[in-house]
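Notes for the one structure printed next.
The values are calculated or read from the model by the stated rules, or taken from the named source; none is laboratory data. This structure is a prediction, so every number in the text was calculated from the model and none was measured. Glycine also receives a Cβ, built like all others from the backbone with ideal geometry; neighbour counts cover every protein chain displayed.
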Amino acid sequence: MFTKKRFLVVLICILLIPLASVSSLAVLSLDEAVNSAIAKSYTVKTAQNNLRREENNSLVKSYLPTLSASGSVNESADLLHNPGDDLKYPTIHFSAGLTWKFGSNNLLVKSTGAISTLISEIALERAVNTIYSDVSTAYYNLISLKAKLLDAEDALKTARFTYERTNAMYEGSRATRLSLLQAEITYNDSEISLETARNNFENALVDFRILTGLEGDFDLPTMPSLESLDWERLDALFEENLPRVSSVRQAEATLELQELNRKNTLVENRMPSLSVNSNLTYGAVKMQDRSFDQSLDFFATATVTIPLDSYLPWTSSAAAVKNSDITVDNAKISLDSARDTLRDSLRSCLNTLESYVMRRENLSTHLSLARENYDATLDAYEKGYLSYNDLNTARTSYDTARRNITTNDASIVSTLCRFSSLLELRVEYVLDELSK
């Protein structure tokens, strides 16, 4: 298990990004986006129907007898002995039957139905969790692209400021024409970068609308930035929620179902069964003297079936018993695989988070130094001590440091989304737990 001896306090801070104007649009919450996506999901609707079908099947009582009834009325005339006689002779027939079959497998039907219903419930839960995972990933990706768009806008402002200052210095004969051209090129490059960031955001927004079915305009929250993580709490979330994950629970339910199916196979092929058939028949035939010849018959049979062929190795019954053992073994393998795959994926998430969090501390230090270096270089440039190349290098370093912080924060949130998705937890819940 991945553990850390040190305990780091979680600081969830909001990136302070200057906005040109305050949006009047309502901020879209993750829950609203998820609910909209669920409402339009055909997968969820199908899973709901499958669950209803299993619930209907669970109402069947296989141990109850089967009742059948039939009746008929026929009329005939004796034209051979009484030609021209239109006297008809009705025949009335009514039959009722009762069939009951009981074997040891009747006792297992209720358990099998309950497990099948549970599997359908888990399938519905997984369908909803998959949608939540997809939407939350797209949601925070959209937020990160918005942050990168704002970074590009700030970079353009810096490039415009540098160009305007260089132009003023050029007009005052304190900067060369080459420096002015370089500043203009940098300004144009920043415009192109901003257009690229805007296109990336708008394309992601289109995909997000398709995924969720949302049509109206909305605003997005700012991106949370985790400067440190409580590794002990992450480990606790790992252990607490691992057994509750639907993929593991479904594998457990499947194993239980296959074990019941194996018992059913053994019962059907090796245990005796009892069947009872009974029938009550009433008949009435109208005679020539207009009287009725009536009859009432009843019979009942009881049959005990003892299967013996499953003990012979070359029979299909023996093969069915052996194959049921193999099916159970495969279900056990699937359960072990589900647990191991989930554990490996979660460990990978924790390792990735560790690298991103450690990198953010260095990036924060670098951003502070880059900002200080840019301010000092700009002052020296305006005084004529440094060239425009020196200023452009400092500006590029500052813009890159700012973008790296945004990208790293987006990676942290994205990895937390994956961690939450694997454990089928809400991202907000994980963030709240880490902030305690």
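Could you say whether any residue in region 384-407 is surrounded by fewer than 16 Cβ atoms within 10 Å (Cβ to Cβ), of a type in the set (Gly, Ala, Ser) and either modelled with pLDDT of 90 or more or out of contact with any His (no Cβ under 9 Å at 6 or more places or on another chain) (or both)? Looking for residues that are surrounded by fewer than 16 Cβ atoms within 10 Å (Cβ to Cβ), of a type in the set (Gly, Ala, Ser) and either modelled with pLDDT of 90 or more or out of contact with any His (no Cβ under 9 Å at 6 or more places or on another chain) (or both), one finds at least one in region 384-407, hence yes.
Here ASN408, ASN392 are screened, and the one residue that is touching a residue at least 24 places away in the same chain (Cβ under 8 Å), closer than 17 Å to LYS148 by Cβ, in a helix (DSSP H, G or I) and more than 17 Å from the chain's Cα centre (by Cα) is ASN408.
Here's the yes/no breakdown for (1) at pLDDT 80 or above; (2) touching a His at 6+ places or on another chain (Cβ under 7 Å); (3) surrounded by fewer than 20 Cβ atoms within 10 Å (Cβ to Cβ):
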residue	(1), (2), (3)
HIS93	no, no, yes
THR99	no, no, yes
PHE102	no, no, yes
ASN106	no, no, yes
TYR139	yes, no, no
GLU153	yes, no, yes
LYS157	yes, no, yes
TYR170	yes, no, yes
SER193	yes, no, yes
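Annotation: of all residues in region 41-73 being hydrophobic (A, V, I, L, M, F, W, C) and modelled with pLDDT under 85, the one that is nearest to ILE210 (Cα to Cα) is LEU51. Close Cβ contacts (under 8 Å, 6 or more residues apart or on different chains) running from residues in region 239-251 that are under 16 Å from SER345 (Cβ atoms) and in a helix (DSSP H, G or I) to residues that are β-branched (Val, Ile, Thr) and modelled with pLDDT of 85 or more comprise LEU242/VAL248; SER246/ILE122.
Each row is one residue, and each column tells you yes or no for (1) among the hydrophobic types (A, V, I, L, M, F, W, C); (2) in contact with a Ser or Thr (Cβ under 6 Å, 6 or more places away or on another chain).
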residue	(1), (2)
LEU335	yes, no
ARG339	no, no
ARG343	no, no
SER355	no, no
ARG359	no, no
SER364	no, no
ALA376	yes, no
TYR388	no, yes
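Given the condition assigned to a helix (DSSP H, G or I), within 24 Å of ASN129 (Cα to Cα) and not small (Gly, Ala, Ser), answer yes or no: does some residue in region 212-228 qualify? Yes, region 212-228 has at least one match. Checked against (1) surrounded by 13 or more Cβ atoms within 10 Å (Cβ to Cβ); (2) part of a helix (DSSP H, G or I), PRO307 passes all but a single condition, namely (2). Looking only at residues in region 355-383 that are touching a residue at least 40 places away in the same chain (Cβ under 8 Å) and within 22 Å of THR415 (Cβ to Cβ), the one that is surrounded by the fewest Cβ atoms within 10 Å (Cβ to Cβ) is GLU361. Just one of the numbered conditions (1) buried (at least 20 other Cβ atoms within 10 Å of the Cβ); (2) among the β-branched types (Val, Ile, Thr); (3) modelled with pLDDT under 85 is not true of THR162: (3).
Pairing each residue of region 209-226 that is over 20 Å from GLU428 (Cα atoms) with any residue that is among the hydroxyl-bearing types (Ser, Thr, Tyr) and modelled with pLDDT of 90 or more, provided the two are 6+ apart or on different chains, yields C-beta distances under 6 Å for GLY213/SER36; LEU214/SER36.
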